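Engineer: Shown below is the structure under consideration.
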Amino acid sequence: MKLLKPSWVNHNGKPIFSVDIHPDGTKFATGGQGEDSGKVVIWNMAPVLREEDEKNENIPKLLCQMDNHLACVNCVRWSNNGLYLASGGDDKLVMVWKRAAFIGPSTVFGSSSKLANVEQWRCVTILRNHTGDVMDVAWSPHDVWLASCSVDNTIVIWNARKFPEIVMTLKGHTGLVKGLTWDPVGKYIASQADDHSLKVWRTMDWQLETNITKPFSECGGTTHVLRLSWSPDGQYLVSAHAMNNSGPTAQIIERDGWKTNMDFVGHRKAVTVVKFNPKIFKKKQKNGSTPKPSCPYCCCAVGSKDRSLSVWLTSLKRPLVVIHDLFDKSIMDITWTLNGLGLLVCSMDGTVAFLDFSQDELGDPLNEEEKNAIHQNIYGKSLAITMESQLSSTIIENPEMLKYQQERQGNQNPNGAQGSGPENQTPKLTNVLNGESLEDIRKNLLKKQVETRTADGRRRITPLCIAQLDTGDFSPALFNSVPILPGSSASTQLTSQISSDSSTANSLGLRPSHDPTTTSPSKTVEENKDSGTAAVNSIGMKSNLLLTSASKIEPMKALDSRFTERSKATPGVSSVPLTITPLDRVKDNSSAKEPKGKDETSSDSEDKIMTPVSAEKEPSRLTTPVAVLKLPTPSIQKSFSTQVSTDAVTYLEVENEVSVVSGARLSQLKWSREGREWDTLLPSRIIVATGSSDVVAVACEDRTLSVFTTCGRRLIPSIMLPAPMSALHCSGHFVMALTASATLSVWDVQKQTALVKNESLNPILSGTDATVSHSFLTQQGVAVVSLSNGKTYCFNSSLETWNLIADKQDSLVQCADFRSCVSSQDALGSTGPLALTQGRNLSAGRLASRLSSTPHHFQQGITLAFLENQLSAALILLSASEYRHWLLIYARFLVNEGYEQRLRELCQDLLGPVHKSSSSSWEPTVLGLRKRDLLTEVLPVIGQNLRFQRLFTEYQDQLELLRLK
C-alpha cells in the first residue's frame, strides 16, 4: 500500500467536505468552502497516480473550478455514466453540472491568469426544493433518479431523466438527514439522520421498508455528516456514527432481515463516513497452489472524527489497515476508484490523502460471470434488473417476469446491476423462450445455488452476481435520458448531449436504449431503396442507430423522391424509352428487395406521371361507359419488355402488330422464366403487361383486360374496362386496374370475385390538384394509391372507404420519437406495404424530434398518436408482419411511458374472453396471427417495467389457465 498526500489539492486552506472520483478514473471532484462562496473543483487524477505526471508542468492539475454555489458545498457526486456531476450545499440548492463542448479555456473569475480552467463544466440544472442545507446527494444505479437530503429532515427524489421533476419527497426523519445510499440495484435507498435512526425506503412505492434505531440510541453529540454505504453485492448496509457498549462503531446491517449483529469497532471517536469498494473480491491464488474455493468478500473504508482511517475486508475479523492521525481534523468523505485499488479521502482540514493498494493486499476482483453467480445466489433467481425505463427495481413476484428482466440485462450491458430480494414464489413455468423452457432455466438456477452455514447454524446462500462494468462504460440509459423541456436549461443540455454523446455511443457500440431500445432501424435506413444494391443496413450493428440521422439527413424535400420516382427497370434490363418525361423513370428495385417480393410489378410502362386532375363531377360509374378521362394512359409502343419481380426473375416481352390476319392486327406476348417460356397472341395492341408469381395480366388498346396463368392458359374471358387502362398491377392471384377515368378495380382471379368494383378515386382526388404518382397492390390484395401531394391511400373493401395510410407532410411523423422502443430484432420486421409507402420519412421523424423542443408530455402524445396510426394502417393494409412489428413497438412505448389503461385495453383485446359465449364478437386471430400468441410476445415487454408487474402476473396467469384448458 502506498500513501500520498498531494498538497496541491486544496481549497486555499478552507475545509473540503466531499470528494468523488469520476467513473472513468481520469478526474475527481472536491466540494467545500471557497473564499466567500461554496466551491466545487474538478482535478486531474493523473498527477495523483503518477509521480512523473505530477512533476510534468504540461499536465494540468486543476481542470475546472466552479464558484456558483452561494454557500459551502457539502457533497459532490458523479453520475454513474460520468456525464453529470451533482453538488449540494448550504445554499439549499442542488446543482447538476455537465461538461460544455467547444469553449476555449477561461480564467476563474477574479483570479490571476494562472488559474485557467482546462475543461469547461457548466451548471445545466439547479434543483430547488429543500428549505435547509443540502447535506448529501446520490445517483441511483443507471442514473434513473438523483436523491438529495437536507437539514430540513426530508429526502427529495428527483427524476434524473426529466430535471427538475420531483418523483417523491420522503418524510419521516425527525432530525437533520445527513447521508444517503442506494442499494446496488436501486431497489432501496437508505438514509441516516441526527434523530438516531437509519431508514430504508423501497423505490417501488417509496414507502418505509424498515427503521433501525437500536445501534444509535446511545449516540451522543453529532457529526457534520453521516455518510453510510451499501455493499456492492447488496448484502450489507453499513452506517456511520453508531455505538456499542459506549464505543463508537460503524454498524453493519444485513440485507437479510435487516439484522444488526455485527459492526466495525476500534475508532476512538464517532464514525463520520463509510464507503464500500465497488468491487467484490476473492482470495489471491498463490502461484502453483491448487485453487481453493474461497468465499467472496467486500472491502470497506471507514473514516472518523478521530482523524483516522481504517480499511476492512468482510472476510477478516480485524481491519486490513488502520492509519492514525492522517489529518488534523475529522475525515469528511471517502471515494474509491472504479477498479477498486485506489482510495481518496478528504478532511475538514482542507487536505486530501490517496491510498494505493495492490491486488495482493485486497485480492482478485471478481469478473462478470463470478459476480453473476454471486448475485444470483444472494437474491435467489430474482436476478437483478436493469431498469432503464422508469423504475430501477423491485421485488420480482413472478418467476416469468424475472426471465424477461434477465434477458433485458443480456442485451444491455447492464451497469452494475444486481439482484433483488430473496422473495420468490415457486413457479409453475411452462413458457418456452428461445427454445429453452423456463422450467429448465429454473432448474439450472437452482443447481447453481451454493449454500453455506454460518457459525450459529443459519443458512446462507452464497451470492451470484450480475454484470458490473468496470471500465466506466456508460449505461445505455444515458442516451435520450434527457427529455427536452423548453425554457429549462435542459434543452441546452440536450443539444450538446447529442453532439458529444453520439460519438461515445458509437464507439461503445451501444444502442441508445430508452427503453432508452431503438427506433425501427429499418426505417432509418428505409431499405436504401434508391441504391441499386439491397442495402438494408441491418441494424444488428447496434450502434449505427444514433448516428443514422447525421449521415442520412437530407433536406426534407429529398424525402419525397421515394414517392415521385418509382419506376425503372432493374439494372441490366433494357427498357424501351417511353414518351414520358424522364423524371419518373427511375424504377426502384424495391420489389426485388422485399422479402415477399411480389408486392410490386415493376412493369416499365406501369407508373405514369399523372396529369393534374380536373375536379369535374365524377361520371356515374355504370351508365356512362365513356368516362371523362382524368388519369393519363401509357402510350402505345411497337414493342417493349418488362421484368416482373417474382421469386424467380420473369421477363414479359410484347410485340405489337406482329402480323395482320384478315384485316385484324395481332400482337404477341412472350413470357419467360428460368428457361421456361410461352407466348400467346392477342387481337389488339397491348398497352400494359404485368405479372406476379401466379398470373399474368395484359391490357389492350380496345379496353380489354386478359388474365393468364403462368403457364399461359387464359383464366377468364377478356374483361371489358369502363375506360382505357392507366396502371395495372398483379400480386399473387390478385389483379388491380386503375383506369384513365380514375376508377379502381381489384379482382381475385382464382376465386373469380371482385374485391373492389369500379371504385372512384374522386374522394381522394377532389379538392386537390394532385395526381396519382404511384400505385401498387399488396400481396393480400389491398390496392394502394400514392398521390403527388405526398398522401398515400388504400381502399378498404370491407368498409368501402379510402383510408389515409401515409402522409409525407404529417407532423406526427416528423415529430414522433420512438427510438427507444425498437429492439434490434425489430429492425428487420418492418418491410411491407406500409414501410414502402412511408419511405424514408421515419428517419426524418427522428431528426425532427431532436431538433424540436416540444415539452415531454406533448412529444409523448405525438408519438402515441403516430404509433396508433401505424398500427391501424398495418391492420387495414392486412400486413401481418408490420402489424406485429408496430404492435411490439407500441407496447414498449406504453410500458416505458406508463400508459396503464391503454396497456390493459391492449392485453384484454389480445387475451379475449376467457369463457366462450355465443354473444362474444371477439376474433381469436388478427391478420392470421393468433392474438394470444401476440400476447405472449407482449408480456415480456410488460415484464420489463416493474411498475406493471401486477398487470403482467394477471395476464400471465390467465394465459396459463387457457393453455391448460
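Values in this text are rule-based calculations from the coordinates and carry no lab data. Just so it is clear, the structure is predicted and the values come from calculations on it, not from any experiment. Cβ: placed from backbone, ideal geometry, glycine included. Neighbour counts: every protein chain shown.
Engineer: Taking the Cα centre of the stretch 639-805 as the origin and placing charges on Cβ (Lys, Arg +1; Asp, Glu -1), which of F776, F708, G675 is farthest toward the positive end of the dipole?
Structural biologist: F708
Engineer: Continuing with the same structure: Given R₀ = 35 Å, what would the calculated FRET efficiency be for D256 paired with E960, taking r from the Cβ atoms and rounding to 0.05?
Structural biologist: It comes out at approximately 0.65.
Engineer: Next question, about the same structure. Cα-Cα over 32 Å: which of K92/K305; K14/K371; K162/K259; K27/K283? Each step should come with its number before you reach the end.
Structural biologist: Details: K92/K305 25 Å; K14/K371 41 Å; K162/K259 36 Å; K27/K283 30 Å.
Checking Cα-Cα distances, K14/K371; K162/K259 exceed 32 Å.
Engineer: In nm, to one decimal, how far is the modelled label at L208 from the one at D647, with both set 7 Å along Cα→Cβ?
Structural biologist: 7.1 nm
Engineer: So how much slack lies between S217 and D195, counting 0.36 nm per residue of separation and subtracting their Cα-Cα distance, in nm?
Structural biologist: Here the segment from S217 to D195 would lengthen by 7.0 nm.
Engineer: Further question on the same structure: Using r as the Cβ-Cβ distance of D36 and S315, and R0 as 30 Å, what FRET efficiency do you calculate, to the nearest 0.05?
Structural biologist: About 0.05, to the nearest 0.05.
Engineer: Moving to a separate point now. Taking 20 Å as the cut-off for C-alpha to C-alpha distance, list the pairs among K61/K275; K638/K670; K199/K269 that go past it.
Structural biologist: Pairs exceeding 20 Å: K61/K275; K199/K269.
Engineer: Separate question: What is the set of long-range amide H partners of S775 at a cut-off below 5 Å, with H atoms built 1.01 Å from backbone N?
Structural biologist: Under 5 Å from the amide H of S775 lie the amide H atoms of S786, each far enough along the sequence or on another chain.
Engineer: Right, here's the next one. From the gyration tensor of the Cα coordinates in the stretch 54-206, what semi-axes in whole Å does the equivalent ellipsoid have, largest first, with each one equal to sqrt(5λ)? Could the numbers behind the result be given before it?
Structural biologist: Working: eigenvalues 198, 55, 38 Å².
In descending order, the three semi-axes are 31, 17, 14 Å.
Engineer: Answer rounded, prolate or oblate for the stretch 158-284, using the Cα gyration tensor with square roots of eigenvalues a ≥ b ≥ c: rounded when a/c is under 1.5, else prolate when a/b is larger than b/c, else oblate.
Structural biologist: Note, shape of the stretch 158-284 comes out oblate.
Engineer: Could you check the spin-label model distance between T925 and V660? Points 7 Å from the Cα along Cα→Cβ, value in nm.
Structural biologist: Result: 5.6 nm between the two label points.
Engineer: Where nothing but the Cβ of Lys and Arg (+1) and of Asp and Glu (-1) is charged, how large is the charge dipole of the stretch 681-817 around its Cα centre, in debye to the nearest 20?
Structural biologist: Working: 8 positive and 10 negative charges, 98 e Å.
Rounded to the nearest 20 debye, it is 480 debye.
Engineer: Compute the Kirkwood hydrodynamic radius of the stretch 639-805, taking the inverse of the mean of 1/r over all pairs of distinct Cα atoms, and give it in Å to one decimal.
Structural biologist: Evaluated on the stretch 639-805, it is 16.5 Å.
Engineer: Computed FRET efficiency, Cβ-Cβ of S7 and N244, R0 35 Å: what is it to the nearest 0.05?
Structural biologist: Working: r = 37 Å, r/R0 = 1.06.
The calculated FRET efficiency here is 0.40.
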